[in-house]
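To keep things clear, I will list the structure first and then write my remarks on it.
The values are calculated or read from the model by the stated rules, or taken from the named source; none is laboratory data. Quantities reported herein were computed from a predicted structural model and do not represent experimental measurements. Glycine gets a Cβ as well: all are built from the backbone with ideal geometry, and neighbour counts include every protein chain shown. The area values use the complete protein model at the heavy-atom level, side chains included, leaving out ligands, DNA and RNA. Shrake-Rupley method; radii C 1.70, N 1.55, O 1.52, S 1.80 Å.
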Amino acid sequence: MVTGLKHMAQTSNITNNKLTKLSLSIQISLSGLSFCILDTQSNTILHLKEKHFGKKLNPLDILNELTDLFNTDTYLANNFYRVTVIHDSDLSVQVPKTLFNEANLADYLKFNSKILKTDFVTFDALNEQDIINVYVPYVNVNNFIYDQFGDFTFKHISTVLIEELLHFEKHATSLKFYVHVSKDNFQIIVIEKGKLKLYNSFNYQTDQDFIYYILFTAEQLGLNPETFELLFLGDVNKEDALYQIAYKYIRTIAFGNIMDNYKFENSHTASNYSNFVLIKSISCV
């Protein structure tokens, strides 16, 4: 993890061009990056782009990729009145608000993550429940974005997933087992009667890894694969090996829904459940 703090901004402010109606959302992980531009006046997504690195990079190389993207993609030369960065990393933990003490940020992470003493640790307060999400952002990415735009908002991927799914399921009476899929990692979010029951993130290399973690989680929660419903979000479809192996062991599988009415101009998302975090983050600030 890149250490050292230059200047961090965690509030959303209007940039120099106050007349613009464009909103920018950027999602960063060790395996890839993506961004989305929304015209808030016409409710149109003007551009959505993804770049997969093919392997996991270190944070310094991620910054090089991001810099190259800003130097070559003309869409990013626009002025934006709102900029959001989503950090997709394993270094996060959820803490009940009643037990949270800001002075102990590093202590919450060190029990299940390897962090350095010099790592910058921050947190998001989740709106839907009394939960504090503690995590380590990519500091060099935040500094770069600050240099480009000034103040901006940044969050952890789990913050967006948990908040949005809790909002969707706030009136639900049954248990929902969501799996949000990326190229080499996925998140499980389990919600029961409108309350967060479990959040966890897993790295995988094979479809066998993938189904093992899902079935292990279900077993720990006492869930029967014959009776609970799994809902997919993200980078997965019915033709994928991940879907096929999940369907082999779990009786009921469906796909979630972004539940937004955006129009698309020059790009389109692969489905109404892919790019879930990127698209939801552009509208949930």
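Residue by residue through region 49-78, note down the ones that are among the aliphatic types (A, V, I, L, M) and either out of contact with any helix residue (DSSP H, G or I) (no Cβ under 8 Å at 6 or more places or on another chain) or more than 20 Å from N275 (Cα to Cα) (or both).
Result: L57, L60, L63, A77.
Would you check if there is a residue in region 212-225 being touching a strand residue (DSSP E or B) at 6+ places or on another chain (Cβ under 8 Å) and at pLDDT below 95? Before you say what the answer is, go through the steps one by one.
Kept after step one, since they are touching a strand residue (DSSP E or B) at 6+ places or on another chain (Cβ under 8 Å), are these residues of region 212-225: 213-214, 217-218, 221, 223.
Then keep just the ones that are at pLDDT below 95; that gives none.
Looking through region 212-225, none of the residues is touching a strand residue (DSSP E or B) at 6+ places or on another chain (Cβ under 8 Å) and at pLDDT below 95.
I'd like the residue in region 32-78 that is closer than 22 Å to D119 by Cα and of a type in the set (S, T, N, Q) and, out of all such residues, is most open to solvent (accessible area, probe 1.4 Å).
The residue in question is N64.
Given F177, F154, which one is among the aromatic types (F, W, Y) and either part of a loop (DSSP other than H, G, I, E, B) or under 24 Å from Y108 (Cα atoms) (or both)? Before the answer, list the steps.
Details: F177 fails: either part of a loop (DSSP other than H, G, I, E, B) or under 24 Å from Y108 (Cα atoms) (or both).
Answer to the check: F154.
Within region 246-269, how many residues are within 24 Å of the chain's Cα centre (by Cα) and part of a helix (DSSP H, G or I)?
Restricting attention to region 246-269, the residues satisfying the condition of being within 24 Å of the chain's Cα centre (by Cα) are 246, 253-269.
From the residues that got through so far, the ones that are part of a helix (DSSP H, G or I) too are 246.
Residues flagged as within 24 Å of the chain's Cα centre (by Cα) and part of a helix (DSSP H, G or I) within region 246-269 amount to 1.
Given (1) touching a residue at least 40 places away in the same chain (Cβ under 8 Å); (2) open to solvent by 60 Å² or more (accessible area, probe 1.4 Å); (3) out of contact with any Ser or Thr (no Cβ under 8 Å at 6 or more places or on another chain), where does T173 come up short, assuming only one miss?
(1)
Of the conditions (1) surrounded by fewer than 16 Cβ atoms within 10 Å (Cβ to Cβ); (2) at pLDDT 90 or above; (3) not acidic (D, E), T122 satisfies every one except a single condition; which number is it?
Of the numbered conditions (1) surrounded by fewer than 16 Cβ atoms within 10 Å (Cβ to Cβ); (2) at pLDDT 90 or above; (3) not acidic (D, E), the odd one out for T122 is (1).
In region 79-105, which residue that is open to solvent by less than 60 Å² (accessible area, probe 1.4 Å) and either more than 22 Å from the chain's Cα centre (by Cα) or among the basic types (K, R) (or both) is nearest to S281 (Cα to Cα)? Show your work before the answer.
First, the residues of region 79-105 that are open to solvent by less than 60 Å² (accessible area, probe 1.4 Å): 80-89, 91-95, 100, 104-105.
Within this subset, residues satisfying the condition of being either more than 22 Å from the chain's Cα centre (by Cα) or among the basic types (K, R) (or both) are 82, 100, 104.
On the way: R82: 11, F100: 25, N104: 28 Å.
Taking the candidates together, the pick is R82.
Considering only region 243-260, state which residues are open to solvent by less than 30 Å² (accessible area, probe 1.4 Å) and hydroxyl-bearing (S, T, Y).
Within region 243-260, just Y243 meets the criteria.
Might you let me know whether region 273-284 holds any residue that is closer than 30 Å to R82 by Cα, polar (S, T, N, Q), open to solvent by less than 50 Å² (accessible area, probe 1.4 Å) and in a helix (DSSP H, G or I)?
Checked region 273-284: at least one residue is closer than 30 Å to R82 by Cα, polar (S, T, N, Q), open to solvent by less than 50 Å² (accessible area, probe 1.4 Å) and in a helix (DSSP H, G or I).
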